[in-house]
Every structure is written in C-alpha cells, then in structure tokens.
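Below is one structure; the comments refer to it alone.
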Amino acid sequence: MNIPSAISIRDLRKTYAGVKGEPGKEALKGVSFDVPQGQIFGLLGPNGAGKSTLINILAGLVVKTGGSAEIWGFDIDEHRRNASRSIGIVPQEIVFDPFFTPYEVLENQAGFYGIAKQLRRSEDLLAAVRLSDKRDAYARTLSGGMKRRLLVAKAMVHSPPILVLDEPTAGVDVELRRQLWELVKRLNDDGVTVVLTTHYLEEAEQLCDRIAIINHGECIANKPTRELIEMAREKIVSVTLDKDLATPPRHDAFAKVEQTAARSVEVTYDKDRLTAGQVLAILQDQGLVVQDVTTREADLEDVFVQLTGSG
Ligand code: ADP
Ligand code: MG
C-alpha cells in the first residue's frame with residue numbers, strides 16, 4: 001500500500017508581505033501532504049483557503065516563506081528545472097495572447113521547453129482536447145470551454161507525469177464540466193497523476209481517489225475519498241430528556257454520544273447499522289424519558305462543514 005509520491009509537501013508556509021505597514025497575510029500555515037503517483041488527487045477548500053498559493057509555489061510563480069516541496073522527487077529549490085519539467089499546470093486565470101492560434105500556442109510552448117520540432121506533438125494534443133478543428137482559429141475567438149481545454153493541452157506540451165488544474169470548472173457550465181472531467185479521467189487512465197483544486201464537493205467526490213481539505217491555510221483532512229464518504233455514513237439524533245443526566249448514555253451500537261446540555265444528548269450512529277427508532281428504543285431501555293427528538297443526516301457536505309467550521 002506504499003505508493004511512491006508524485007508530489008511531497010512538508011510544512012509549506014507562505015506569508016504575503018503587507019502593503020504599507022499593513023500586516024502580512026499568512027496564506028499557508030505549514031501544510032504537509034503527499035500526492036500518490038497515478039491518482040487523481042483533490043485539493044478541496046473554500047475560496048481564500050490557500051489552494052492557488054500552494055499551486056503557484058509548485059509552479060514557481062510564488063516564493064514560499066518556509067517548508068519544502070518535491071515534485072517527482074525533485075526539490076523545488078535545489079532542482080527547480082527538473083521539478084518544472086515534471087509538472088504541467090493549468091492556472092486558475094485564463095491568460096492567452098489573443099492573436100495566436102491554438103496550434104501556435106502549443107508550438108510556442110514547445111519552443112519554450114526547447115522541444116525539437118520533430119518531437120513536438122501539437123496535433124496530437126489538439127486532438128486529445130478535441131480542438132483539431134480550431135487549429136488555426138485565433139485564441140480570442142474560442143469559447144471559455146475551448147480555452148480551458150487549450151490550457152490543458154498547453155500544460156501537457158512537455159509530457160509531464162503530473163498535471164495540476166487550479167479550479168478547472170469554476171464558473172463553467174455543466175456540459176463543459178463533464179467534458180473536462182472526461183479529459184482528466186482519460187489523461188489519468190494514460191498514467192498521468194492529476195491534482196485538481198476545487199471548491200465543488202461533488203466534483204471532488206466523483207473524480208478524486210484521494211481528497212485533502214485545506215482551510216485558512218491549514219490541511220485539516222487528507223483521506224481516500226471512500227473514507228471521507230464513510231465519515232458521512234453517520235446520522236445524528238439529538239434528544240432532550242425529562243431530567244438532568246448524571247452521565248451520558250452508552251451503547252456499543254452508538255458511534256459517539258455527546259452531552260450538549262444538562263438534559264440534551266446527541267447520539268451519532270451509523271445509518272447502515274441502526275435506525276433513529278432503534279436509537280430511541282435503546283435510550284428508553286436505559287430508563288431515559290425522551291421529550292423531544294430531532295434527527296440529522298450527515299453527507300460529504302456536512303463532513304466538509306464540520307471540518308472547516310464554515311456555514
Ligand atoms: P484559494 O485559491 O484557495 O481561493 P488563495 O491562495 O488565492 O486561495 O489565497 C489565500 C489567501 O492569500 C487569501 O486570503 C488571499 O486574499 C491571499 N492572497 C493571495 N494572493 C495574494 C497576494 N498576491 N498578495 C496578498 N495576499 C494574497
Ligand atoms: Mg484559487
């Protein structure tokens with residue numbers, strides 16, 4: 001179960017300098033995680049969490065304040081060139097020179113990496129992102145979705161083993177999102193390790209083998225997607241009793257019991273094992289008189305909200 005790491009981040013820190021005496025912004029507060037090779041890894045977090053800062057450090061666009069990062073085994077400080085050659089990054093912002101055609105965009109990028117003409121694969125890449133028919137159109141005439149796909153092709157020009165997409169589907173319509181997911185899956189099937197940042201839970205849940213959650217510059221979860229969803233298997237019953245409790249009730253079938261007030265307890269249970277009715281029956285068997293009940297079902301969103309503490 002020890003998959004080698006495509007990316008390895010240790011105690012990564014970034015504080016943006018404050019302008020004119022204002023305090024600096026601590027965007028990353030010591031983040032550590034590993035991206036296993038061959039996986040689709042989701043970096044999930046609300047806006048302002050620090051996702052782009054982290055990606056931009058890997059891209060060499062932002063200078064970290066502390067910690068270290070390795071890309072495909074290359075330290076980003078000591079082996080910047082090899083690190084950069086091992087990763088393709090699709091930035092959050094779409095930026096193109098509007099007067100280049102998709103073919104020229106890819107050829108220019110190949111030139112930037114010093115790839116010999118006969119080794120270039122611009123036509124193949126255009127085909128892979130379904131843009132062959134737009135080969136000679138000006139970039140400014142492409143739709144938003146086509147531009148995103150072109151950016152993916154551009155990031156893959158030097159055939160890196162890792163592709164990083166920063167919020168690829170923010171503000172993108174359903175159909176395009178589906179197309180992008182398909183493209184990401186196809187690349188991953190071909191062996192490319194994919195990292196994508198998103199604030200869409202559903203997207204992360206459907207695409208990713210593993211999800212790390214980042215909030216206020218801290219990594220607060222990092223688990224296989226299945227395990228995160230397991231956390232959402234839980235259901236919660238809140239009950240109010242007729243008198244104060246000396247000790248919270250206990251039962252082997254309960255996942256967790258929390259006394260929330262003198263007469264209130266919250267019982268967390270696995271919905272595959274128990275029903276709310278059975279929970280109440282267990283409480284009554286223990287001699288407790290239930291006066292009021294509310295139930296709540298946890299989903300991945302709940303897990304996310306619980307972890308991030310955001311409403
Ligand atoms: P995310 O991509 O998760 O939305 P960012 O990494 O863009 O988060 O931002 C993290 C925090 O750092 C935010 O509070 C943001 O305002 C701040 N930040 C980002 N870029 C800069 C910058 N160039 N200068 C100062 N603060 C920045
Ligand atoms: Mg961002």
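Structure above, values below:
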item: Amide proton proximity set for Asp75, modelled H, under 5 Å, gap of 5+; result: none
item: Exposed GluC sites (Glu not before Pro) absent: longest stretch of the chain, with sites in DSSP loops and at most 14 other Cβ within 10 Å deemed exposed; result: 94-311
item: In Å², nearest 10: area of Met146 left accessible to a 1.4 Å probe; result: 50
item: Cα pair distances exceeding 17 angstrom across region 163-231, given as percent; result: 44
item: Trypsin sites (Lys or Arg not before Pro) within region 232-300, DSSP loop, no more than 16 other Cβ atoms inside 10 Å; result: Arg233, Lys243, Arg250, Arg263, Lys271, Arg273
item: Geometric extent, Cα atoms of region 234-308 - Rg, Dmax (angstrom); result: 12.2, 37
item: Probe 1.4 Å, all protein chains present, accessible-area order of Asp190, Asp242, Asp166, Asp173, largest first; result: Asp190, Asp173, Asp242, Asp166
item: Debye equation applied to the C-alpha atoms of region 84-131, log10 I(q)/I(0) at 0.21, 0.32 Å⁻¹; result: -0.89, -1.29
item: Angle in degrees between helix 174-189 and the longest Cα principal axis of the chain, rounded to the nearest 10; result: 80
item: In order through region 154-164: 3J(HN,Hα) via Karplus (6.51 cos²θ - 1.76 cosθ + 1.60), integer Hz, x for Gly, Pro; result: 4, 5, 9, 3, 8, 6, x, x, 10, 10, 10
item: Helix 276-285 vs. the chain, principal-axis angle (Cα, 0 to 90°, nearest 10); result: 30
item: Rounded accessible area of Ser52 (nearest 10 Å², 1.4 Å probe); result: 30
item: Solvent exposure, largest accessible area first (probe 1.4 Å, DNA, RNA and ligands not counted), of Ile162, Ile89; result: Ile89, Ile162
item: Base-10 log of normalised Debye intensity for the chain (one unit scatterer per alpha-carbon) at q = 0.09 Å⁻¹; result: -0.57
item: 3J(HN,Hα) from dihedral phi, region 198-212, Karplus parametrisation 6.51/-1.76/1.60, rounded to Hz, x for glycine, proline; result: 7, 10, 8, 4, 4, 4, 4, 5, 6, 9, 8, 6, 9, 10, 10
item: Accessible heavy-atom area order of Tyr16, Tyr138, Tyr269, Tyr113, highest first, probe of 1.4 Å; result: Tyr138, Tyr16, Tyr113, Tyr269
item: Per-residue HN-Hα couplings for region 68-76 [Karplus 6.51, -1.76, 1.60; θ = phi - 60°; Hz; x = Gly/Pro]; result: 8, 8, 10, 10, 6, x, 9, 5, 5
item: Solvent-accessible area of Phe33 with every protein chain in place, 1.4 Å probe, in Å² to the nearest 10; result: 10
item: Cut-off under 5 Å, modelled amide H: who pairs with Ala170 long-range; result: none
item: Long-range amide H partners of Thr101 with built H, under 5 Å; result: Ala139
item: Ratio Rg/Rh [Cα only; Rh per Kirkwood] for region 67-148; result: 1.04
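The values are calculated or read from the model by the stated rules, or taken from the named source; none is laboratory data. Everything numeric in this text was worked out from a predicted model, so none of it was measured. With ideal geometry, Cβ positions are generated from the backbone for all residues, glycine too; neighbour counts draw on all protein chains shown. In case anyone asks, the SASA skips ligands and DNA or RNA and just uses the protein heavy atoms, side chains included. Shrake-Rupley method; radii C 1.70, N 1.55, O 1.52, S 1.80 Å.
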